[in-house]
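The values are calculated or read from the model by the stated rules, or taken from the named source; none is laboratory data. In this text the structure is predicted, and so the values were computed from the model without any measurement. Neighbour counts are summed over all protein chains in view; Cβ atoms, including those assigned to glycine, are modelled from backbone coordinates with ideal geometry.
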Amino acid sequence: MGTFLSCLSKLEGSSTEDLSPQQSQFLNALSTSHIRGKIRKIGSIDYNIDIIPWNLRCTPKPLAVVYPLNAQEVSTMVKIATKYSIPVQPRSGGHSFASYSLGGKDGALVIDLGKMNTVVVNQTTWRATIGGGARLEEVTNGLYDQGKRTIAHGICPQVGIGGHATVGGQGPLSRMYGLTLDHVVEMEVVLADGTITKTDKETNSDLFFALRGAGASFGIVTSFTFETHPVPEAVTHYSFQLTYGTHTELADIFIKWQDFVSSPIVANDRSFNSLINITSSIILIQGSRLGPKKELEASEIFVSLKKAFNVDIKTHELDWLGAVLNWTVVAVESLAGSLTIPLYMKSLCVRQSKLLTPGTVRAWFEYMHTNSPKDALWVIIGAINIKFGFVKKVPYDRYLTGDLQGGRISDFPLDSTAYSLRDSMTETLVPLIPNTLWPKQYWGDNYPRLLDIKKKYDPTNTFSNPQSVGANLRLPPKPAFRVKDSKPVLNL
Ligand SMILES: Cc1cc2nc3c(=O)[nH]c(=O)nc-3n(C[C@H](O)[C@H](O)[C@H](O)COP(=O)(O)OP(=O)(O)OC[C@H]3O[C@@H](n4cnc5c(N)ncnc54)[C@H](O)[C@@H]3O)c2cc1C
């Protein structure tokens with residue numbers, strides 16, 4: 001045990017030796033803050049455990065991780081960080097693909113909201129107030145236990161509501177009810193100067209816009225209030241498997257699935273969703289429809305699905321909690337939601353009006369077939385507006401998941417929230433996207449507006465990560481000269 005602990009304390013980058021005087025002063029100031037929540041500083045043994053990211057490929061080393069118990073303590077921490085110009089990122093479920101809740105690069109203060117995880121449903125308005133650190137599992141159960149309510153959200157129970165509801169939040173109910181962030185009616189937020197304020201569509205409406213899609217750049221949402229819905233009385237799951245031999249056959253099945261999910265009968269039924277999982281030899285197509293089994297089996301969609309793939313389809317009817325559990329199993333199978341593993345990820349959203357052409361799909365699978373590194377694990381997230389998915393390459397396997405989206409998500413205008421991927425194309429993950437491109441890809445035409453709101457609420461850029469609002473404008477100055485053929489050349 002002693003050896004294990006001493007190994008942990010020697011982990012690379014976990015020492016205090018390289019700190020600047022300002023960073024050391026900041027850490028001293030944290031110690032004198034007298035908050036009741038835990039403070040774990042760089043160099044301590046517990047710190048090394050607290051900074052293990054979900055994606056082991058992105059391992060920034062923050063200066064400290066703090067665990068405030070309430071908004072007041074969050075505010076105290078933010079004020080100290082702002083005073084010493086230390087970047088701050090909140091952490092909710094810690095499932096950021098690029099470890100932005102650890103700051104995304106060394107030297108941040110991480111404010112972990114795990115202790116602020118209550119779920120309270122108002123029994124008159126059926127609105128739910130949820131702490132910024134609640135995990136989706138706590139959200140599902142809390143809403144169900146207090147009146148059989150729900151909101152649309154993703155299927156991984158360990159994901160946090162903080163990242164989910166400020167970034168997007170897509171799940172099996174999204175075609176019916178929209179994104180998680182579309183359910184937000186009010187937020188309590190701690191700003192860069194430590195102010196604790198409320199925001200909704202009338203109060204600080206610019207902040208309300210910005211936090212729904214670009215939250216990590218503007219403040220720490222300590223609680224969300226959501227509009228909720230009654231849970232569906234029954235949900236029917238369906239699934240079937242296909243096998244394929246070559247990547248060309250695989251491409252053809254994917255094209256068939258894309259044709260099916262983009263057909264008008266699917267587009268017109270928002271209670272239906274579909275997921276395609278592709279491994280190196282098997283394709284599993286599955287999903288659910290809100291409502292009883294007999295309704296699904298009698299539907300035009302079902303007949304058309306059977307005809308398109310020429311298969312028998314297994315169905316089973318579940319109550320709400322059974323359905324959530326079933327989706328969770330799908331998530332765990334697809335992505336190992338609770339595991340920390342090194343991943344490379346890439347995402348692609350394509351408009352329904354501009355689907356991938358057969359040629360593109362074939363070229364994509366050809367590329368995957370010939371270029372997948374044999375010794376690495378890598379992930380591509382692919383989404384076709386109506387679909388959302390992951391491709392995972394492991395030493396023995398390749399994995400892709402496509403998920404039918406659209407529906408209610410696409411009803412909201414692109415400028416109704418900062419989130420702009422309701423009907424657009426995007427790629428994510430630093431540092432592979434040129435600095436000029438990612439702001440547009442994340443936020444589209446909303447970006448100039450977000451830059452203005454940033455100036456107003458966080459002029460000193462306290463809330464930042466490598467892809468936060470304004471980060472593209474803060475490039476290190478270009479050196480005046482470079483060396484070419486051993487001679488200095490002017491950089492123009
Ligand atoms: C295994 C897995 C499964 C997933 N499944 C789905 C899915 O089904 N549907 C879907 O839409 N997405 C899914 N995602 C993506 C997920 O929704 C996002 O990665 C989300 O941002 C994670 O939220 P988090 O709180 O767990 O992450 P964190 O790492 O804690 O936070 C992510 C970002 O949000 C910021 N943030 C966190 N809390 C707050 C807050 N309270 N106020 C302001 N900013 C905050 C952080 O600083 C960070 O920049 C999945 C991700 C993983 C890893």
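Would region 136-158 turn up any residue that is of a type in the set (Val, Ile, Thr), farther than 23 Å from residue 454 by Cβ and within 8 Å of the ligand (Cβ to nearest atom)? If you could, list the steps in order and put the result at the bottom.
Let us first name the residues in region 136-158 that are of a type in the set (Val, Ile, Thr), namely 139-140, 150-151, 155.
Still in the list and also farther than 23 Å from residue 454 by Cβ: 139-140, 150-151, 155.
Okay, now just the ones that are also within 8 Å of the ligand (Cβ to nearest atom), so 155.
Yes, region 136-158 contains a residue that is of a type in the set (Val, Ile, Thr), farther than 23 Å from residue 454 by Cβ and within 8 Å of the ligand (Cβ to nearest atom).
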Can you tell me how many residues in region 152-179 are of a type in the set (Val, Ile, Thr) and touching a Phe, Trp or Tyr at 6+ places or on another chain (Cβ under 8 Å)? 3
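Please verify whether residue 53 is in a loop (DSSP other than H, G, I, E, B), within 14 Å of the ligand (Cβ to nearest atom) and under 23 Å from residue 471 (Cβ atoms), treating the condition exactly as stated. Talk me through it step by step, then tell me what you get.
Working: in a loop (DSSP other than H, G, I, E, B): yes; within 14 Å of the ligand (Cβ to nearest atom): yes; under 23 Å from residue 471 (Cβ atoms): yes.
Judged against the criteria, residue 53 is a match.
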Please indicate, with yes or no, whether at least one residue in region 71-91 is in contact (Cβ under 8 Å) with a residue 12 or more places away in the chain, out of contact with any Phe, Trp or Tyr (no Cβ under 9 Å at 6 or more places or on another chain) and part of a loop (DSSP other than H, G, I, E, B). no
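If the requirement is being in contact with a Gly (Cβ under 8 Å, 6 or more places away or on another chain), among the aromatic types (Phe, Trp, Tyr) and either without any contact (Cβ under 8 Å) to a residue 60 or more places away in the chain or closer than 30 Å to residue 103 by Cβ (or both), which of these qualifies: 224, 260? Full working, then the answer.
Details: 260 fails: in contact with a Gly (Cβ under 8 Å, 6 or more places away or on another chain).
Just one listed residue meets the conditions, 224.
Step by step: first the residues of region 170-193, then only those that are over 19 Å from residue 468 (Cβ atoms) and assigned to a loop (DSSP other than H, G, I, E, B), then the one that is nearest to the ligand (Cβ to nearest atom). Which residue is that? Show your work before the answer.
Quick first cut of region 170-193, residues over 19 Å from residue 468 (Cβ atoms) only: 170-180, 182-186, 188.
Imposing the further condition that a residue be assigned to a loop (DSSP other than H, G, I, E, B) reduces the set to 170-173, 178-179.
Values: 170: 4, 171: 5, 172: 9, 173: 11, 178: 12, 179: 7 Å.
My answer is 170.
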Is region 150-162 home to any residue that is of a type outside the set (Phe, Trp, Tyr), surrounded by fewer than 23 Cβ atoms within 10 Å (Cβ to Cβ) and out of contact with any Leu (no Cβ under 8 Å at 6 or more places or on another chain)? no
Residue count, region 251-303, condition touching an Asp or Glu at 6+ places or on another chain (Cβ under 9 Å), of a type in the set (Asp, Glu) and assigned to a helix (DSSP H, G or I), comes to 1
How do the strands (runs of 3 or more DSSP E) wholly within region 384-492 filter down when requiring 1 or more residues that are at pLDDT 55 or above: which remain? 397-403, 481-484, 487-490
Please go through region 200-219 and give me each residue that is within 12 Å of the ligand (Cβ to nearest atom) and of a type in the set (S, T, N, Q), ordered by number. 217
Answer from 225, 236 - the residue that is more than 11 Å from the ligand (Cβ to nearest atom), at pLDDT 95 or above, of a type in the set (Ser, Thr, Tyr) and closer than 20 Å to residue 141 by Cβ: 225
Might you let me know whether region 70-81 holds any residue that is within 30 Å of the chain's Cα centre (by Cα) and modelled with pLDDT under 90? no
